[in-house]
1. Among (1) at pLDDT below 95; (2) small (Gly, Ala, Ser); (3) surrounded by fewer than 13 Cβ atoms within 10 Å (Cβ to Cβ), which single condition is ALA261 missing?
2. Pick from region 264-280 the residues that are free of Cβ contacts under 8 Å to residues at least 12 places away in the same chain and small (Gly, Ala, Ser): which of them is surrounded by the fewest Cβ atoms within 10 Å (Cβ to Cβ)?
3. Residues that are hydroxyl-bearing (Ser, Thr, Tyr): which helices (runs of 4 or more DSSP H) entirely in region 242-308 hold 1 or more of them?
4. Write out, first by first residue and then by second, each pair whose Cβ atoms fall under 7 Å of each other, whose residues are 6+ apart or on separate chains, and whose first residue, in region 286-299, is on the phi > 0 side of the Ramachandran plot while the second is open to solvent by 30 Å² or more (accessible area, probe 1.4 Å).
5. Only one of these is part of a helix (DSSP H, G or I), at pLDDT 95 or above and surrounded by fewer than 17 Cβ atoms within 10 Å (Cβ to Cβ): GLU353, GLU368, GLU345. Name it.
6. If you take the residues of region 220-241 that are over 22 Å from ALA281 (Cα atoms) and in a helix (DSSP H, G or I), which of them is modelled with the lowest pLDDT?
7. Of everything in region 137-185, what is of a type in the set (Ser, Thr, Tyr) and within 30 Å of ALA196 (Cβ to Cβ)? Give them in sequence order.
8. Please go through region 128-187 and pick out each residue that is within 20 Å of GLU371 (Cβ to Cβ), part of a helix (DSSP H, G or I), touching a residue at least 40 places away in the same chain (Cβ under 8 Å) and open to solvent by 20 Å² or more (accessible area, probe 1.4 Å).
Amino acid sequence: MDANTGRKPLTGVHDVEWARLAPERGDEIPGLLQTVASGGAGSMEAVTGLYDILRHPGAGYAAAPEAARFLAGIACHPDTSAPGEALSLLFELVVPVPLAVVPQAWDTDLWRDEVAWAVAADPEQAREQYRQWCSEAPDEQSYRRMSARYGVLGRDGGAALLQAELDVRTAVAERAEALAGLLEGRENRRGMNSTAEWAASILAFVPEAADHAVPRIRARMVEEARRPDDSAAGLRMQDEWRKVLPAEIVALGMLADPADATATVALVGELEAGNLYRSFAAGCALALMHGERAPEQALARLAELGGTRVGFTALFNDAWPHPGVVEPVVLGYVALGRCRGAAAELRTAILPEALAHAGPTAAAVVGEALESVLGPRTGPQDAAEAMEKALTEGGGGEPDRLLRVLWAVAELPRSDWDEHGVGDVVEAWSLPADRAAFRDFVGVDEDEEEDAAEQAAAPAEASPQPKASQERPTGLLGRLFGGN
């Protein structure tokens, strides 16, 4: 660690062939890193400049592994005045395709073998193989992952970009102990978007960091549970920084072993402690940690808190990271797929808000939603057959839930269908790809379509869902579920 060896965080920065790794603007990288390291005026602009050069999947991302090492060094060095700025960029580099890394963590060894094959293979052969893997993907996460890699391989030097993504993860994993150290200390834990919050968000997506991050977070939770509640108000204010952060709670859920009884007990205590946001984070952590065996009380608590005036979106915003264009409520909705059927009702309740904030990720959210009630992508078949199969063979299992999911998709604005590929996704389940035909299939009438257009022009909010027991669709779904 630089803090222990006396090395400066940018030692060797001019030894890297930045212009070769990022041909267009690579020569700017050393100066921008220096500005980030010095902090003060211009440092945030330097972060933005670096992001423009290094962003995935642009050609400059080949320089991301080297940049990640320096960014981690900057963040972990005791003389850095604003480590959160370096960490914010490091997060974007290490999680470039957020919806591909949830709900399940990747098998790093398998990933490494896959990248080695792609680098050695003929480019056209590799691209064709990924196209085939897309068509054969067993679930939506595999489809998103293979689709992203297929797109990367369509670029010049695509295999090198796949290697770079793996190398960024390796670079961060090598600094996991130092990054976990940023969870400690008053200065790291103060204020909004604190250093500790950024560090927790990064560590959450690096399974190799579990041995360094989990004991720290777990110990803080246990210590907090033992602290007397009757301390003076002034002392409570003074000790506020000692409290576990919602971002740390979510990270614990992402990283902890389900057999870790101490972590489970600590999370259950936080779930019942009464703080709205931290209770929600604890419920998420228990769901992520235990997956299909998530405690019923945790899932029920999440549904209860999401049903308050605060709503799911604000609750996710408080604890979950915000990577690029992916809103926290979207990331959380997809990540809770780790619970499979155990969280089916909860995810259906979250879906309207996730879709309302999906934007460019609408297709991914729709894919997750349809998979949750219809099972994996089916390929060409009759739509009525797909519905009946879902109801009789355990896809969604419940007509009301299936109807609510389809209704939420039907109420997406036309722009999402036209610009974000929603039609292509629903067609994979043999449903009408045209929005008007899909709405007719679900039973949304013309008046509701006009209302949806008006809502699309207003600030995005979750669309109210019909109660399936009170409002039944016409058309094919009407025959399946029963008419009005």
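1. Failed condition: (1).
2. The qualifying residue surrounded by the fewest Cβ atoms within 10 Å (Cβ to Cβ) is GLY274.
3. Values: elements: 246-255, 261-271, 276-290, 296-306.
Because the criterion is at least 1 residues that are hydroxyl-bearing (Ser, Thr, Tyr), the helices (runs of 4 or more DSSP H) in region 242-308 that meet it are 261-271, 276-290.
4. GLY291/ARG338
5. Exactly one of GLU353, GLU368, GLU345 is part of a helix (DSSP H, G or I), at pLDDT 95 or above and surrounded by fewer than 17 Cβ atoms within 10 Å (Cβ to Cβ), namely GLU345.
6. By that ranking, first place goes to LEU235.
7. Step one: list which residues in region 137-185 are of a type in the set (Ser, Thr, Tyr), which gives 142-143, 147, 150, 170.
Once the filter is applied, which keeps residues that are of a type in the set (Ser, Thr, Tyr) and within 30 Å of ALA196 (Cβ to Cβ), region 137-185 yields only THR170.
8. Correct list: TYR143, ARG144, ARG145, ALA148.
The values are calculated or read from the model by the stated rules, or taken from the named source; none is laboratory data. Note that the structure is predicted; figures quoted are calculated from it, not measured. Cβ coordinates were reconstructed from backbone atoms using ideal geometry, including for glycine residues, and neighbour counts include every protein chain displayed. We work out accessible area using only protein heavy atoms, side chains counted, and drop any ligands, DNA or RNA first. Shrake-Rupley method; radii C 1.70, N 1.55, O 1.52, S 1.80 Å.
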